[in-house]
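Colleague: The structure follows.
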Amino acid sequence: MTWLLLNWPQALQLAWTHVLLSVPAITISVLVAVPLGRLAHRYPRPGGALLSAASLLYAIPSLPLLIIIPVVLGIPLRSSATMVVALSVYGVALLVRSAADAFGAVDARVRLAATAIGFSPWALFWRVELPLATPVLLAGVRVVVVSTVGLATIGALVGIPSLGSLFTDGFQRGIAGEVITGIVATVALALALDGACALTGRALTPWTRSARSEHAGRHTGPVAA
Amino acid sequence: MNLFADALTWLGDPSHWSGRTGIAQRAAQHLGVTAGALAIAATLALPTGILVGHTRRGRSLVVAISGAARAVPTLGLLTLAALALGIGLQAPVLALVVLAVPSLLAGAYAGVESVDPVTVDAARAVGMSEFQIITRVELPLAAPVVVGGLRAATLQVVATATLAAYVSDTGLGRYLFTGLRSRDYPQMLAGALLVAALALLLEAVLARLQQLATRATTSTPRHGAPARLAASLEGHA
Amino acid sequence: MKLRTRTALTAATITTALALTGCASSDPLAQEDAASQSASSEIVIGSQDYYSNEIIAEIYAQALEAQGHAVDRQFRIGQREAYLPELEDGSIDLFPEYSGPLLQYWQPETPARLADDVYAELVTAIPDGLRALDQSPATDQDSYVVTRAFADQWNLATIADLAKVTEPLTLGGNSEGENRPNGPQGLKNAYGVDVAFSPIEDGGGPLTVKALADGDIQLAIIYTADPTIAENDLVTLEDPSGLFLASHVVPLASDAVDQEAADTIDRISAAMAPEDLVALNARSVDEQAPAATIAAEWLRAKNLMS
């Protein structure tokens, strides 16, 4: 691992840049997809169209999206903003369906009971639906986290620095150690963020902890695709 | 409407459709690479997933491997494989197989797992062998979820197969790279539209397939088919 | 009815989204805020997506920083088609370029071939706001390369000799090379040689060399400063018809680069001999040292850190 020994400061720098691209994108994805998913669940007809549009969006290959975004938004191609927007688009496309399913998993009777007690729609969302939807939602967020960290590497093909730059540079110079470092770093970063999400989820939903062991073999929730 | 219109003009040009570097040829290559990668991934993932779902053992291991594989950046794997294997299709197919396995695996084990254990027990009680249970009870009932996994995997592979063009002269990704590097953005956007169209087509086909599979297993809401199957099996005893 | 409404809504959503893509200019690389760049005293140094170019750019950056200038490094942008617009509109101030290909980019039909002719024409061809600093003796030229075995088999010394080869020829190189004047079209026009093109995106790197060795391609474009030519016993074919212009390292500078900075860069250019560039590249590929280290040690060795 000569390359790593000589170049670890640069590798760390790129890893940090990668984090700065991924985390804002994941945050934006969550902030946009959760309300959209809620709406899609509440109003099934436009909701269905929205979900279809989301899966179509996911079908757009990433390189052209990176070119289209600066055109539409008027920002420079090589800026991190372009990458964050592109990652957010894919994040939202991935998360919206999970979010809709998550809100769908909330028992309608609970919602009715809360309304009967006198919860306002706002309180209903924040204090009843969102907490109950969190487990399924979190599964979706974890998928988005891993997907976003992996996808951010594509930026290197258009001049946006990230851990992906280790791939293109290692490729050019024939240094396999550099490419391997990039892969390991990306996977490590993805798994670390994924773990953080899992821990957060467990902290946010204490009521599922005892229930989990009961339902271990029977849970037929959405496939984490 | 400049960029979009230019892309459509590019697509409309008949000379771009024929020949060795024509759209028809490249689309066929793209489909070929996708199909090949999915086939290999399926041979690896489906039996494993079905086994894990059936025996309900090894689930956490499989989930962990699946999660880690999902985290591997395809571009990285592709360049690494290419450094070892040279130009051509070997490296991209390898990377795409790794990409497709997690979704297929998840679809397989989640689908088989979700079959009502009562039904499986009933089948076992009737005297079906394990193999018969898997093929005649679990797989048909798991089909919707398995096809769902296939759908997710296909979508990812079709969109990512564009990277095959990074190390070989194959697929619709060539328009993306050539367009990107020569700043011929209409060509690049045209390539993107073609890939998206291909993805949509496959999505539609697989969605229909999933619909058919769901209908075959649920004629009444929720546990219709398994209930009927269990009932018919109980009738034997 | 439900399916049709949903399809219609989906179609409407997509069309709206796609229509947005057309609502702006067709050049996504046009940087908008060139004006704000000229206000700051920072010098923006760019480099190609090519490790050798990055080393040279890093050398410029460290020398200018030692002099007290603020430097903004924007390396690994891409190839000429991607970064030149940024130079032209003032978003980038300093860039290590290569005289021949750069001249051909602005004047594809230029007759200039020798180093001094190319430089003289380049100076006149450069758009306003940019200028060429002194060119360096260091060269890094595109060249057509075959394996030793292939050259011996067909007795090849020049590109013209390729016409003798009776088996089908495939050229491997970056995809932008397919349409450049010295690509397959140039081979046909200048030498009457037909080649198929196989795109390999590693800039004459390890994949290209492997493809040559494996026989997947017979001809490749590899830069003369690349250490792999010597290491892999490859043969550079001579170019009597001047398909490739002489290509020396020449810094492109905007008006943000003042005289003091320009003098520093000129000193660097003068101190860099062709062997130096090959050695720098070898350090990068063989020793796997980072550009920053290679640059720093070269500047110290040449006593250029003021």
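No lab work stands behind these numbers, since they all come straight from the coordinates. Because the structure is predicted, anything quoted here is derived from the model rather than measured. Positions of Cβ are generated from backbone atoms using ideal geometry, with glycine treated the same way; all protein chains shown enter the neighbour counts.
Colleague: If we count other beta carbons within 10 Å of each Cβ, what is the order of B:Thr9, C:Thr224, fewest first?
Modeller: Numbers: B:Thr9 11, C:Thr224 17.
The fewest-first ordering by Cβ neighbours comes to B:Thr9, C:Thr224.
Colleague: Moving on. Along the positive direction of the dipole of the protein assembly as shown (beta-carbon charges: Lys, Arg +1; Asp, Glu -1; about the Cα centre), which of C:Ala292, C:Ser99, A:Ile183 reaches farthest?
Modeller: Positive-end residue among those listed: A:Ile183.
Colleague: Could I ask something else about it? Quickly rank B:142-155, B:97-110 as a protection proxy: mean count of other C-beta atoms within 10 Å, highest first.
Modeller: Output ranking for B:142-155, B:97-110: B:97-110, B:142-155.
Colleague: Compute the convex hull volume of the Cα atoms of the stretch C:122-254, divide it by the residue count, and report the result per residue in Å³ as a whole number.
Modeller: Roughly 120 Å³ of hull volume per residue.
Colleague: Can you compute the radius of gyration and Dmax for chain A, using only the Cα atoms, both in Å?
Modeller: Using the Cα atoms of chain A, the pair Rg, Dmax is 20.0, 68 Å.
Colleague: Across peptide A:108-117, how many C-beta atoms of other chains are within 10 Å of each residue C-beta, on average? Before the final figure, lay out each step's value.
Modeller: On the way: counts 0, 0, 0, 0, 0, 0, 0, 0, 0, 0.
Shielding by partners across A:108-117 averages 0.
Colleague: Moving on. Cα centroids of the stretch A:108-169 and the stretch B:7-56: how far apart, whole angstrom?
Modeller: 30 Å
Colleague: On to the next question. Report, in deg cm²/dmol and to the nearest 500, the calculated mean residue ellipticity at 222 nm for the protein assembly as shown, where each DSSP H run with n ≥ 4 adds -39500 (n - 2.57) and the sum is divided by the residue count.
Modeller: Value at 222 nm, helices only, nearest 500: -20500 deg cm²/dmol.
Colleague: Once every Cα of the stretch A:104-160 carries one equal point scatterer and solvent is ignored, give the base-10 log of I(q)/I(0) from the Debye formula at q = 0.14, 0.18 Å⁻¹, two decimals.
Modeller: -0.54, -0.67
Colleague: If the cut-off is a Cα-Cα distance under 16 Å, which aspartates and glutamates reach C:Lys164, setting aside same-chain residues fewer than 8 apart in sequence?
Modeller: Cα-Cα hits under 16 Å: C:Asp152, C:Asp194, C:Glu238, C:Asp239.
Colleague: In the protein assembly as shown, how does Rg compare with the Kirkwood Rh, expressed as the Rg/Rh ratio over alpha carbon atoms? Write down the numbers at each step before the final one.
Modeller: On the way: Rg = 28.9 Å, Rh = 28.4 Å.
Here the Rg-to-Rh quotient is 1.02.
Colleague: Among A:67-79, A:172-184, how do they line up from the highest to the lowest mean number of other beta-carbon atoms within 10 Å?
Modeller: A:172-184, A:67-79
Colleague: Also, I was wondering about something else. At a 10 angstrom cut-off on C-beta neighbours, averaged per residue, how do the peptides B:200-207, A:90-97 rank from highest to lowest?
Modeller: Packing proxy ranking, top to bottom: A:90-97, B:200-207.
Colleague: Determine, for C:Glu97, B:Glu138, the number of other Cβ atoms within 10 Å of each Cβ, and report the residues in order from fewest to most. Mind dumping the intermediate values first?
Modeller: On the way: C:Glu97 27, B:Glu138 22.
Exposure proxy ranking, most exposed first: B:Glu138, C:Glu97.
Colleague: Right, here's the next one. Hey, got the average number of other protein chain Cβ atoms within 10 angstrom for residues in C:81-93?
Modeller: Taking all residues of C:81-93 together, the mean is 2.
Colleague: For chain C, list log₁₀ I(q)/I(0) at each q in 0.07, 0.11, 0.12, 0.13 Å⁻¹, using the Debye formula over Cα point scatterers of equal strength and ignoring solvent, two decimals each.
Modeller: -0.33, -0.73, -0.84, -0.95
Colleague: Next question, about the same structure. Could you state the number of Å between the C-alpha centres of the stretch A:1-57 and the stretch C:188-257?
Modeller: That distance is 39 Å.
Colleague: Express in % the proportion of alpha carbon pairs of chain B at distances exceeding 28 Å.
Modeller: 43 percent
Colleague: Projecting each Cα onto the charge dipole of the stretch A:1-110 (Lys/Arg +1, Asp/Glu -1 at the beta carbon, about the Cα centre), which of A:Ser52, A:Gly74, A:His18 comes out farthest on the positive side?
Modeller: Ranked along the dipole, the leading option is A:Ser52.
Colleague: Just counting partner chain Cβ atoms within 10 Å, what average do the residues of peptide C:286-295 show around their Cβ?
Modeller: Across C:286-295, the average partner-chain Cβ count within 10 Å equals 4.
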